[in-house]
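Worksheet: one structure, shown below.
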Amino acid sequence: MAVAMRSAVQKAGASPRVSARRSVVVRSGKTLGGKGPVPAVEQDAYEYLKTCPGVSAPFDNVFDPAGLARTTNLRDLKRWRESEIVHGRVSMLAALGFIVGEQLQDFPLFFNFDGRVEGPAIYHFQQIGQGFWEPLLIFIGVAESYRVAVAWATPTGTGFNALKDEYEPGYLGFDPLNLLPEDEAARKELQTKEINNGRLAMIAIAAFVAQELVEQTEIFEHLFLRFEKEAILELDDLERDIGLPLTPLPEELKGI
């Protein structure tokens with residue numbers, strides 16, 4: 001059988017060693033060194049996506065109802081993957097920042113010395129003055145410069161707006177607390193948790209912004225008002241059953 005395979009490969013004009021190597025690469029979804037996804041020329045985009053973290057219940061396979069992964073190439077898919085991971089991380093920080101910022105805005109040490117930061121978090125951006133945004137912009141610029149140096153290929157006529165072939169989307173080598181496991185299965189599980197939490201955070205921060213724009217209330221204030229309204233409605237049901245006067249619903253709760 002081995003002789004027949006060698007003969008068939010030689011007739012096709014390829015070295016048996018190279019062909020076998022490419023076959024292993026395509027099946028495994030890894031480079032020969034085992035450290036990252038294979039280049040775009042050696043693997044189908046959809047098959048690559050099936051090997052990535054983020055495939056989890058309740059979807060046993062890739063969740064792609066629009067079929068985008070089946071109609072693109074690996075270079076573009078990796079760039080989309082990088083964008084999803086980055087936006088998920090930013091959204092997790094933003095969702096946490098909304099909640100923390102609204103709870104600590106009354107503390108002067110929380111960069112609110114003159115008490116001008118107040119109300120829903122969507123307005124904190126305009127309320128914070130000089131001395132905060134300048135260092136933040138510098139920090140963001142340094143972080144993005146590092147990401148570009150690690151992840152993005154040198155822009156050329158054929159490689160413009162593309163990631164490096166050896167780069168694994170989202171993996172920048174920044175792990176000061178040494179949390180990333182060495183075991184491949186444990187590492188993939190942790191990366192899947194990060195991506196899923198990032199996806200949830202993108203939905204959450206969009207809901208936070210929409211809710212505060214519509215109701216002009218803070219996140220927890222909105223939540224407690226909902227609880228208060230539900231409690232009054234439950235009490236009304238009980239009072240109606242035993243023939244007592246109904247508890248009136250406050251005006252601020254009627255529109256919720």
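Determine the share of the range 41-216's accessible area contributed by carbon and sulfur atoms, expressed in whole percent, with a 1.4 angstrom probe.
Percent of accessible area from carbon and sulfur atoms in the range 41-216: 64.
What full-extension length gain, to one decimal in nm, is calculated for LEU136 and LEU233 as 0.36 nm per residue of separation minus the Cα-Cα distance?
Result for the pair: 30.3 nm of gain on full extension.
Scan around TRP152 for amide H atoms under 5 Å from its own, H built in the peptide plane at 1.01 Å from N, and keep only partners 5 or more places away or cross-chain.
LYS164
Test of understanding: what is the full-extension gain from ARG116 to GLN216, defined as 0.36 nm times their sequence separation minus their Cα-Cα distance?
34.3 nm
How would you order 162-171, 241-250 from highest to lowest mean count of nearby Cβ atoms within 10 Å?
162-171, 241-250
Specify which residue in the list GLN127, LEU77, CYS52 is farthest towards the positive end of the charge dipole of the range 41-216, using unit charges on the beta carbon of Lys, Arg (+1) and Asp, Glu (-1), about the Cα centre.
LEU77
What per residue convex hull volume, in Å³, comes out for the range 57-207 when only alpha-carbon positions are used?
Enclosed volume per residue, from the Cα hull, is 175 Å³.
Residue-wise, which Karplus ³J(HN,Hα) couplings in Hz belong to the range 88-104, taking 6.51 cos²θ - 1.76 cosθ + 1.60, θ = phi - 60°, and x for glycine or proline?
Values per residue, Gly and Pro as x: x, 5, 5, 5, 5, 5, 5, 4, 5, x, 4, 5, 5, x, 6, 7, 9 Hz.
Once phi is turned into θ = phi - 60°, what whole-Hz ³J(HN,Hα) does the Karplus curve with 6.51, -1.76 and 1.60 give for every residue of the range 215-225, x standing for Gly and Pro?
Rounded to whole hertz, the list is 9, 6, 10, 6, 4, 5, 4, 4, 5, 5, 5.
Once phi is turned into θ = phi - 60°, what whole-Hz ³J(HN,Hα) does the Karplus curve with 6.51, -1.76 and 1.60 give for every residue of the range 127-138, x standing for Gly and Pro?
Calculated HN-Hα couplings, in order: 7, 6, x, 5, x, 10, 6, 4, x, 5, 5, 5 Hz.
So if each residue of separation counts as 0.36 nm, and I subtract the Cα-Cα distance between ILE128 and ASP241, what length gain in nm does that give?
Values: separation 113, 0.36 × 113 = 40.68 nm, distance 5.19 nm.
Result for the pair: 35.5 nm of gain on full extension.
The values are calculated or read from the model by the stated rules, or taken from the named source; none is laboratory data. Only a predicted model underlies this, so the values are computations on that prediction, with no experimental measurement involved. Methodologically, a virtual Cβ is constructed for each residue, glycine included, from the backbone with ideal geometry; neighbour enumeration extends over all protein chains shown. Side chains are part of the model used for accessible areas, which takes the heavy atoms of the whole protein and leaves out ligands, DNA and RNA. Shrake-Rupley method; radii C 1.70, N 1.55, O 1.52, S 1.80 Å.
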